[in-house]
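See structure below.
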C-alpha cells in the first residue's frame, strides 16, 4: 500500500499528462488546465519545503553537534531568517507592513537580491574561468588523433568567433560557423537521439512502475 | 629545473594572475571592436524586426546572477530593439532567481526611453506597452497554460496588478496573439518552449543562450525549431551591433566592450594549452 | 579612480572579493560569503513562493473566496511535511508521485515530437533541407555530410555488435564528428566562463572603483 498507491497515482497522472496532447476535446483540455493551475502549481510551492527542510535540518544538526565549520551554519541560518522576514513582511516591492528603508538606505528584498545574491552568485561562477584555464593547461593533451581533432576544432572556434578571427582572415569566422552548423550538428544530433530515446524509455519505466527509485528507501 | 619541467609545472596562481591581467587591461584601456554579424543572430534580429504591430513579443528572462554577464546584454539589446519598433512586450520568468534581474533590465531600458520621451506616445507605459507577468511554477504550467489563456495562468502580474485589467492583456489573450517568444536562458527552457508550446500551439521560439549550451542548440536551429540564436557574449555583441547600426540607438554596449578582453583571454588559454602539449611531447620523447 | 559612495556597492564589492579570495586558498572570508549566499538565495525564494504562489493561488481562493475545492490541493501539498515525521513519511510519496507522473507523461509526446521526429526531418535528404542552407548547390553537400555524420555517430553508439568491418569504419567516422562537436563545445565553454569573469571585473572596475566609465 505504501508503495503501490503512489505508483498507481504516478501512472494515472502520467496518463493525464499524455492525453491532452492527443485529445483536443474541451473537457480534456479544461481538466488539464485545472490540474496544472490548481494542483501542480500549489504542489510546486509546497515542494520547496523538502529542499528547505533538508537544508535547515543539516545546519541545525551541524550546530547542535559542533561539527566542522559549525559557526558558519549560524551565518547561513541568520541570513536566511533575516531575508525571509524582510521578504515576507516587507513585501516583494518593499511596500509591506515591515518598513524596509532607513532614510536613503533601502534594504527591501530586491535590494538585497541585487547587492548580495547577484555579486555572490556571479563571482562564484567567475572563478570557473580560472579553474578552466588551469585545468586546460594541465590536462588537455593531444594524445591521440581524436584528441588532436578536438583541440583543433576548439582552437578554430575560439579564434574564429571573435573579431580577431575576422582580422586574420574573413574565411575564418565562416569556417568556425560552418563547424557549428554541420559537423557539430551531426555529432550532437546523434548523441541527442540517444538521449531522447533513453529519456523516453526511462519515462515509460517510471510510469509503468518499473523504475521506482523516486519512491526512496523504506517500506 | 629543466625547461621541460618548467613548462609542465607552472604554478596555478601564475596562470590565474596572467589571466586576470589580460582580462583587466583591455577593460581599462578600451579599444573599439566591430563584430561581424553571423546568420543565426541576423535571423533572430529579423524575426523581431518583422513582428506584426497587432502581436506581441514574449520574452522569457531566465538568466540568474551566475549567467548575467552573458545574457543580460542580450536582454537589454532586444528590449531596446523592440521598444524602438513599438512592439508590445510580455516579460516572464520560469524560475524565481531571475525575477530581480528581469525587473532590473526592464526598468533600465524603460527608464532610458522615458528619460528622452517628449510625448505620451513616445513613452513606454506599463500596462499599455509592456507587462511583466512574473513567475509561476512549475515551468510546465505557464508554458502550456498560456496557449489557452495568459490571464488564467498569471492572474496577477509581478507588481500585484490584476492582469485582466491591464490594457495590453485585453489585446493579448494567448499564444495566437504572440508572434515570437525569445527565451534568454542558461539551461533547458528553450527546449521546453519548443517541446511544449511550439508543438501544441505553433509558437515561434527564438533563443539567447550561454555559450555552454550553444553546441547543443544548433541542431534545433538547423531544423527551424529556433527562429534565431544568440550565443553568449559574442552573440549579444552582434545584436548590439545590429541595434546600433539599424536603429541608431547609441547606448552602452557591455558585450562589445568585453570582446578585447575575451580575445586576449582566449589567446592566453591557447598558449597555455600549447605550452602544456609541447612539454608533454618533449617529455614523452625523452622517455 | 572614483570610489563609489553607495554602501551597497561596497557590500557587493567586498563580497565579490571574499569569493575571489578562494583562488589563493580556502579561507574564512570565502566560507562566510558562501554561507551568506545560500541563506539569502533561500530567503529570496521563500518570499516569492509565499507572495506569488501560495497567497494568490491557494489561500485567497480558499479562505477569502470560499472555493473549497482547493482544500484538496492544500491537503496534498501539506503531505510534503510528512517527510520529517518518520512514522508517516511514506505519505510524501503521494505528492511526489503526482508531480513526477504528470511531468513524465507530458514529456513523452513532447519529447518524441521535438527531439526525435523533428530532428529526423532535419536530417533526411529532402529539397527543403538542401534549400535551408541558403548555399545553392553546396546545400546538397552540407546536407549529405550532416546525414552521413548523424548515421556514423549513431553507429558509434551501437554496442550490440562488435565494431568490425563496415561498422568499424562508420564508428571511426562517427568519432570524428563527435570530437569536432566536443571541441566546438569546449571553445564556446571557454568563452562562457571568461565572460563571467569579465562581467565581475566590469562591476569592480566600474561602479566600485570608477576606473572604467
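A short reminder: the numbers here are calculations on the coordinates, not readings from a lab. The structure displayed is predicted, hence computed values, not measured ones. Backbone-built Cβ (ideal geometry, glycine too); neighbour counts: all protein chains shown.
Stretching residue A:143 away from residue A:8 to a fully extended chain increases their span by 43.4 nm, per 0.36 nm per residue minus the current alpha-carbon distance.
The modelled label-to-label distance for the pair residue C:158/residue B:281, using points 7 Å beyond Cα in the direction of Cβ, is 3.6 nm. Across the range B:113-163, the volume of the C-alpha convex hull divided among the residues equals 92 Å³ per residue. Using alpha-carbon pairs under 8 Å, 6+ residues apart, how would you state the relative contact order of the range C:15-121 in percent? This gives 10 percent for the range C:15-121.
Working out 0.36 nm times the residue gap between residue C:166 and residue C:87, then minus their Cα-Cα distance, what length gain in nm do you get to one decimal? Contour length minus the Cα-Cα distance gives 22.5 nm. Among B:86, B:156, B:170, which one moves the most in a GNM of chain B with springs linking Cα atoms closer than 10 Å? Between B:86, B:156, B:170, it is B:170 that shows the largest mean-square fluctuation.
For the peptide B:190-201, the mean number of other protein chain Cβ atoms found within 10 angstrom of a residue's Cβ is 4. Assuming R0 = 51 Å, can you tell me the calculated FRET efficiency for the pair residue B:173 and residue A:208, based on Cβ-Cβ distance, to the nearest 0.05? So the FRET efficiency works out to roughly 0.85. Relative to its residue count, chain C spans a Cα convex hull of 325 Å³ per residue. Between residue A:175 and residue A:22, the contour length at 0.36 nm per residue exceeds the Cα-Cα span by 50.8 nm.
The calculated Kirkwood hydrodynamic radius for the protein assembly as shown is 27.3 Å, given to one decimal from all distinct C-alpha pairs. Each label point was placed 7 Å from the Cα along the Cα-to-Cβ direction; for residue B:39 and residue C:17 their separation is 4.9 nm. Per residue of B:155-167, other chain Cβ atoms within 10 Å of the residue Cβ number 2 on average. Per-residue ellipticity at 222 nm, computed for chain C from helices alone with -39500 (n - 2.57) per DSSP H run of at least four residues, works out to -20500 deg cm²/dmol. Legend: calculated FRET efficiency, residue B:86 to residue B:6, from the Cβ-Cβ distance at R0 = 56 Å, rounded to 0.05, equals 0.35. Contact order for the range C:125-213, expressed relative to its length and based on alpha carbon pairs under 8 Å spaced 6+ residues apart, stands at 18 percent.
Report the label-to-label distance for residue C:71 and residue B:55 in nanometres (one decimal), using points 7 Å from each Cα along the Cα→Cβ vector. Going by the 7 Å Cα→Cβ label model, 4.7 nm.
Computed from Cα atoms, the angle from the helix B:211-222 axis to the main principal axis of chain B rounds to 60 degrees. Between the Cα long axis of helix B:39-49 and the first principal axis of chain B there is an angle of about 20°, rounded to the nearest 10. Using only Cα atoms, tell me the angle between helix B:12-28 and the longest principal axis of chain B; keep it within 0 to 90° and round to the nearest 10. Tilt relative to chain B: about 50 degrees.
With contacts taken as Cα pairs under 8 Å and at least 6 residues apart, chain B reaches a relative contact order of 28 percent. At a Förster distance of 22 Å, what's the computed FRET efficiency of residue C:209 paired with residue B:21, Cβ-Cβ distance as r, to 0.05? The value I calculate is 0.85.
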